[in-house]
Amino acid sequence: MKIKTLRGSLIVGVLALLCSALFALPASADGYLNCQADRLCLYTGQDGSMSDGEMKPRNYEHEDPQSYANNFSDKTRSVYNNTAYWACLYGETSWGSAVAAVPPKTKIDISAQSPDAAFKEMAAQGVSSHKLAPSKGLCFTGYERCPDNRLCLFKEKGGRGAMTSFTTSADAYTPEWDRAVVSVRNRTSSHACFYSGTGQVGGWNSVTNGVHVAYAVLRGDSTSLVEPYLNDVQSHKLSSNTDCT
């Protein structure tokens, strides 16, 4: 008997990852004015100042903006986005948890007194990663991180949070990823079939006929999982057939 499948939703377009250049800047009488053109500048004090006398300038132009060094993570209190793009700030590494979007050419304090709920939440959590994006909406996705010819799994919706990737089928995931998949990007030439058990077996009861089914994300598709598949995937196989046979 053929295994029936459910398709993941198609996300139109391929998201382009834009490299971010970031500085943690020393204090000056001019505050925000020491932020160079085309730079995202983060400060440890309010209004473009530096409150930590031991904080040294950091240049993220050639470093990973998805994970700050320990002496800089969670210390941002004000921001000058002196670029033509939206600056996406995240409460955790790997573009995870809380999101706050700073418009182009905008200065803003990250404060518990902020009228913007996103920046109020960011003040409580701290900034741990960032990216630049051409629109505010793209701050809430991260699928563009998935390399070509890979099946990528993420721990948060929209391709955000921690990521792992595969080029082949997997009978079981490591403990860190067992029943931890929240969203998927399939950039392989095959269809990705997901199962509720290890060994590429097991499925979920169909609402209509009670038959166990695999969950398929077709090649080129991206999707955020919903119940009953959310946090209930233990293995996958790559198949040339859309019905996962």
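In this simple spin-label model, placing a label point 7 Å from the Cα along the Cα-to-Cβ direction at both residue 243 and residue 74 gives a separation of 5.3 nm.
Couplings 3J(HN,Hα) for region 122-129, derived from phi with the Karplus relation 6.51 cos²θ - 1.76 cosθ + 1.60 (θ = phi - 60°), are 5, 4, 6, 9, x, 9, 10, 6 Hz, where x marks Gly and Pro. Note on residue 117/residue 36: beta-carbon distance plugged into 1/(1 + (r/R0)^6) with R0 of 35 Å gives a FRET efficiency of 0.70. Sorted from greatest to least, the principal axis extents spanned by the alpha carbons of region 139-233 come out as 38, 26, 26 Å. Placing a label point 7 Å from the Cα of residue 218 along the Cα-to-Cβ direction, the residues of region 185-203 whose backbone N falls under 12 Å from that point are 191-192.
Where a number appears in this text, it was derived from the coordinates with a stated rule and is not lab data. Everything numeric in this text was worked out from a predicted model, so none of it was measured. Don't worry about glycine lacking a Cβ; one is built from the backbone with ideal geometry, like all the others, and counts go over all protein chains shown.
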